[in-house]
There are 2 protein chains.
Amino acid sequence: MANIKDVAKHLGVSVSTVSRAMNNHPDVREETKLQVMEAIRALNYRPNAIARGLINKKTYTIGLMIPEISDPFFAGLANAVEETFSKQGYQVVYGNTNRDPVKEKQFLSNAIERQFDGLIITPDFLDDTFKELISGLDMPVVFLRRRTPPGISAPYVDVDHYEAATEAVKYLIELGHRQIGFIGMPESSFTGIQRLLGYRDTMWKHGLLSDDSNIVMSGGRNIDCGRRAMSKLYERNPNVTAVFAGNDLLGIGALEWLAQQKIVVPDQISVIGFDNLEYAELHWIQLTTMEQPRAEMGTKAADLLLQMISDKEMTPESELIKARLIVRQSCKALQTTLSI
Amino acid sequence: MANIKDVAKHLGVSVSTVSRAMNNHPDVREETKLQVMEAIRALNYRPNAIARGLINKKTYTIGLMIPEISDPFFAGLANAVEETFSKQGYQVVYGNTNRDPVKEKQFLSNAIERQFDGLIITPDFLDDTFKELISGLDMPVVFLRRRTPPGISAPYVDVDHYEAATEAVKYLIELGHRQIGFIGMPESSFTGIQRLLGYRDTMWKHGLLSDDSNIVMSGGRNIDCGRRAMSKLYERNPNVTAVFAGNDLLGIGALEWLAQQKIVVPDQISVIGFDNLEYAELHWIQLTTMEQPRAEMGTKAADLLLQMISDKEMTPESELIKARLIVRQSCKALQTTLSI
DNA sequence: CTGAAAGCGCTTACAG
DNA sequence: CTGAAAGCGCTTACAG
């Protein structure tokens, strides 16, 4: 591969001149510029971004930490982030952690050593080591779909899960449901806990029961977990007339189990989800759900980071985004005459 | 951030010694090594991978070009590639092209300038400019889910789409179907064409009709396209008893349209897909399909590239992987007494 | 407008 | 076993 020396030699000028011509520096003669461009083409020369990065202390690379790229929710988020950055000439490097604390830390090390310009992260394990790593970072960071832990100064972009859960449960209550079950993500999930709390508080405020007979923590967040959790919930309390699922995948799993049991949705039981994945729209599913606006969240996070990169001193405000109720076919008003 | 000079100064040794100690060079005293390690920890020093890459001409980064990361098929492929490489300490950088010829070329430029160690690519536009770019590359390349175009020396990993299509159609014929429709991907798709050809030839060999009344090119490859294509196919030929969909997403779209029309699958019409996505397994879908073994393909491609990286001279053999028929509930034997 | 020189943060022959 | 020096491929004050 030709380097800058080769093109300088080819033209009989100095490497300084070639460099300046390439970078469109104002005080280089137009004619020289043209000659350099021509030589670059002729030699098929490509500047070495590594060398450039070393001297400019800028790599045009940002890191994006993702819990599970196979989860369509995060794939959508990542897409939005990527789009915003690639427009600005940045390369985004995904770090798929599979919620593994070791991988999360590895990703940070990687980011440091490879001199990324900034980071958008969705960590699952905010232990002390992790927080130290983050604090020691001298690169801008924004938390996405997470809250910034205390003691760290970095903005976040998240949905108000508590409020959204409140809204979901209120919707079911307004439809006349009283026996409302909850199928949740693992207890270790901040998001999951927020949604559970929103459910609990709303039930309580309306004088409704929400004890262990109505709550199943599914131990995961995929369709399979949803199936199992729905089965367990039904076993514990066959009188539930509505279910709030902690996310769409769990909701879809619940719908599957109900369909297998020939329990008709929404006639016999209503189900509401959380996320609004594409699959919630499938003809057989038609899941009513709380939408998390993925594109908006990803874009917002990217914008914040871009600001922080261009102005190192600034820490922009965090953004709490509102989820929106999407009504489809999986919920129905309870016929009060039929209920006990 | 501390650099190697700082730790050298801290200890009163030369940077050479620090470098050698870090890299576990044999001829450095054990005691020195320990001291260096201690200093590194004390100063929280992280080696700069950019500087390392510049001098070692090795970045431990590989590029993975993907048509559409939102397509679960490619997400799965990417995952397998990523896993293999991250185990070996490589960072994989995704290039999501959205089948945009400009982005495909940009990704190659990026790879060159950023000095990636190798590339796994799934390009959609193999025009002359692209082929030139590839030929000019002095980095190892493997084609994944594509064939290497003539004139280029690089291995590929792909499924035998033609043979797999043949098998799918044979399966339908063996079930007694004669009026078999085809819903295809765009004509620009090599893969799509191969599957179409497999369908056509098999129909022809069995003396069955496969003309325009039985074939709909859907103009895309997602669920929505499948819905529209199925509707068009049915309009053109209401007598079809079976449909071969060019991929699972099209197949799922077809199933949706049929469900909406209250046409019962598989009693009234059989549908077979291609890919074996997770969603094909959903209770309501249960799509019989030709599986493309994604994990195997991704891992294989990664292994080939790894080989080529360690031995620059070698060009390993390409791999043609066999698709496997996965039987679920969407196909059924035709009751011959009822057929015309 | 152009060039020589220093330097980004490392590694590695070479010499001792 | 260790250090001084050269060099990876660039950019950018500095001097002219």
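The values are calculated or read from the model by the stated rules, or taken from the named source; none is laboratory data. Bear in mind that the values here come from a model prediction, so they are computed numbers and not experimental data. In this analysis, Cβ positions are derived from the backbone assuming ideal geometry, glycine residues included, and neighbour counts consider all displayed protein chains. Accessible surface areas use protein heavy atoms only, side chains included; no ligands, DNA or RNA. Shrake-Rupley method; radii C 1.70, N 1.55, O 1.52, S 1.80 Å.
So for region A:126-195, what percent of the C-alpha to C-alpha distances run longer than 20 Å? Here the long-distance tail beyond 20 Å is 46 percent of all Cα pairs in region A:126-195.
Does anything in region B:140-168 have its amide N under 13 Å from the 7 Å Cα→Cβ label point of B:S318, and if so which residues? So the set is B:142-162. Among the protein heavy atoms of the protein assembly as shown, carbon and sulfur supply 49% of the accessible surface, probe 1.4 Å, non-protein parts ignored. Considering only alpha-carbon pairs that sit under 8 angstrom and 6 or more positions apart, the relative contact order computed for region B:4-47 is 40 percent. For region A:266-340 and region A:232-257, compute the distance between their C-alpha centroids and round to whole Å. With region A:266-340 and region A:232-257 each reduced to a Cα centre, they are spaced 18 Å. Classify region A:108-155 as rounded, prolate or oblate, taking a ≥ b ≥ c as the square roots of the eigenvalues of its Cα gyration tensor: rounded when a/c is under 1.5, otherwise prolate if a/b is larger than b/c and oblate if not. The shape class here is prolate.
Of all segments of chain A bounded by GluC sites (Glu not before Pro) found in a DSSP loop with no more than 13 other C-beta atoms within 10 Å, the longest spans A:1-186. Among the listed pairs A:K232/B:K87; B:K103/B:K232; A:K103/B:K9; A:K57/B:K58, those with a Cα-Cα distance over 26 Å are A:K232/B:K87; B:K103/B:K232; A:K103/B:K9. When chain B is described by a simple charge dipole with +1 on each Lys and Arg Cβ and -1 on each Asp and Glu Cβ, the residue from B:L306, B:G53, B:Q88 located farthest towards its positive end is B:G53. With both labels modelled 7 Å from their Cα along Cα-to-Cβ, the A:K33 to B:D127 distance reads 2.8 nm. Rolling a 1.4 Å probe over the protein heavy atoms gives the protein assembly as shown an accessible area of 44 Å² per residue. For the residues A:K5, A:K103, a 1.4 Å probe over the protein chains yields an accessible-area ranking, largest first, of A:K5, A:K103. Taken along the Cα-to-beta-carbon direction at a fixed 7 Å, the label points for A:D201 and B:D100 span 4.2 nm. Cross-link reach is defined here as a Cα-Cα straight distance under 17 Å, omitting same-chain residues fewer than 8 places apart; for B:K262 the aspartates and glutamates meeting it are B:E235.
Peptide A:276-283 shows a mean partner chain C-beta count of 4 within 10 Å per residue C-beta. Here the mean projected area of the convex hull built on the C-alpha positions of region B:1-100 is 8.6 nm². Multiplying each eigenvalue of the alpha-carbon gyration tensor of chain B by 5 and taking the square root yields semi-axes of 53, 20, 16 Å, largest first, rounded to whole angstroms. The mean sequence distance of close C-alpha pairs (under 8 Å, at least 6 residues apart), as a share of the length of chain A, puts its relative contact order at 16 percent. Remark: region A:161-292 carries a charge dipole of roughly 400 debye about the Cα centre, counting +1 on each Lys and Arg Cβ and -1 on each Asp and Glu Cβ. You can think of it this way: the chain between B:V15 and B:S310 has 103.3 nm of extra reach, that is 0.36 nm per residue less the Cα-Cα gap.
3J(HN,Hα) along region A:154-166, derived from phi through the Karplus expression 6.51 cos²θ - 1.76 cosθ + 1.60 where θ = phi - 60°, amounts to 7, x, 10, 10, 8, 9, 7, 5, 4, 5, 5, 5, 4 Hz, with x in place of Gly and Pro. Here the relative contact order of region A:161-292, from alpha carbon pairs under 8 Å that lie six or more residues apart, stands at 24 percent.
Only Cα sites of region B:193-244 enter the Debye sum here, all with the same form factor; the resulting log10 I(q)/I(0) across q = 0.14, 0.19, 0.20, 0.26 1/Å is -0.37, -0.67, -0.74, -1.12, listed in q order. For B:K322, which lysines qualify as cross-link partners when the Cα separation must be under 22 Å and same-chain residues fewer than eight apart are set aside? Straight-distance partners of B:K322: B:K170, B:K205, B:K300. Over the protein assembly as shown, the ratio between the Cα radius of gyration and 2.2 N^0.38 Å evaluates to 1.09.
Within 10 Å of the Cβ of each residue in A:100-111, the mean number of Cβ atoms contributed by other protein chains is 1. Under the convention that each Lys and Arg Cβ holds +1 and each Asp and Glu Cβ holds -1, the size of the dipole of the protein assembly as shown around its Cα centre is about 400 debye.
Considering only B:Y156, B:A245, B:I173, and ranking their Cα positions along the charge dipole of chain B that arises from unit charges at the beta-carbon of Lys, Arg, Asp and Glu, the one farthest toward the positive end is B:Y156.
Set the Cα radius of gyration of region A:161-292 against 2.2 N^0.38 Å, with N its number of residues, and you get 0.91. Ligands, DNA and RNA aside, B:S70 has an accessible area near 80 Å² when probed at 1.4 Å. A simple spin-label model places the labels of A:W284 and B:A333 2.4 nm from each other, with each point 7 Å out along Cα-to-Cβ.
Calculated from DSSP H runs of 4 or more alone, at -39500 (n - 2.57) each and per residue, what is the 222 nm mean residue ellipticity of chain A, nearest 500? Here the helix-only value at 222 nm equals -14000 deg cm²/dmol.
Placing R0 at 22 angstrom, the Cβ-Cβ distance between A:D303 and A:I326 gives a FRET efficiency of 0.30 after rounding to 0.05. Normalised by residue count, region B:4-47 yields a Cα convex hull volume of 57 Å³ per residue. Per residue, the convex hull around the alpha carbon atoms of region A:239-340 comes to 112 Å³.
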